[in-house]
Amino acid sequence: MNAAQGSGWATMPPEMRQRVMGFVTIPQLAALGATSRQHYFWAKSEVGRRVNGLLDEWQLPREPAKDIMRTEKIVFSGSAILGMMDRSFKPRDLDGYVPRGRIEAVEEFLKNHTQYVKVMQDDAEYETDESEDEDEESEEVEGAVDFDEADSEYENEAAGQ
């Protein structure tokens, strides 16, 4: 191959490039993406592949999950994001933050697209100070959805999963 034909990333088979990109951290992908339009496309594709992998790992349908994230402004955080950034880290749960007033849509999504069902939590966890005015609404615990099997507001309905 002569120099005019190119070498390196541009001529690497896409599946090999994708395999190599799987080992690159998110900050490294950002730095790579800043170097050229082609590198930006490859870096963005790798981040998208990792997001899809995260959704697949938690058995969330890709496009409906992305749609609900966009429309309801859900932000995933915690160990799942660390796992996307550092491929050697294995998350045990998926934390999602939901803006106040939007949890109903997320519950509806979970009910329609997953095997999760809402489980009522023990009222003792949410006892309020008796000195508070009873007419005041207590602060709701709305804002976080945790997909952790053992410590979640949602539990898997199917036995053994």
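The values are calculated or read from the model by the stated rules, or taken from the named source; none is laboratory data. This structure is a prediction, so every number in the text was calculated from the model and none was measured. Glycine also receives a Cβ, built like all others from the backbone with ideal geometry; neighbour counts cover every protein chain displayed. What goes into the accessible areas is simple: the full protein's heavy atoms, side chains included, and nothing from ligands, DNA or RNA. Shrake-Rupley method; radii C 1.70, N 1.55, O 1.52, S 1.80 Å.
Computed quantities for the displayed model
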read-out	value
Candidates R87, R92 - the one that is on the phi < 0 side of the Ramachandran plot, surrounded by 12 or more Cβ atoms within 10 Å (Cβ to Cβ), in a loop (DSSP other than H, G, I, E, B) and in contact (Cβ under 8 Å) with a residue 60 or more places away in the chain	R87
Selection count where residues are under 30 Å from P27 (Cα atoms), over 15 Å from the mean Cα position of the chain (by Cα) and modelled with pLDDT under 85, scope the range 75-128	1
Condition check for I81: buried (at least 16 other Cβ atoms within 10 Å of the Cβ) and in contact (Cβ under 8 Å) with a residue 40 or more places away in the chain	no
R62, sole failed condition from (1) in contact with an Asp or Glu (Cβ under 8 Å, 6 or more places away or on another chain); (2) surrounded by 15 or more Cβ atoms within 10 Å (Cβ to Cβ); (3) among the charged types (D, E, K, R)	(2)
Test: residue in the range 38-56 that is out of contact with any His (no Cβ under 6 Å at 6 or more places or on another chain) and in a loop (DSSP other than H, G, I, E, B)	no
Some residue of the range 46-53 being within 14 Å of the chain's Cα centre (by Cα) and among the small types (G, A, S)	yes
Residues of the range 21-37 that turn out to be surrounded by 12 or more Cβ atoms within 10 Å (Cβ to Cβ) and in a helix (DSSP H, G or I), as a count	8
Residue satisfying condition, being open to solvent by 40 Å² or more (accessible area, probe 1.4 Å), closer than 30 Å to V106 by Cα and among the aliphatic types (A, V, I, L, M), within set M16, M69	M69
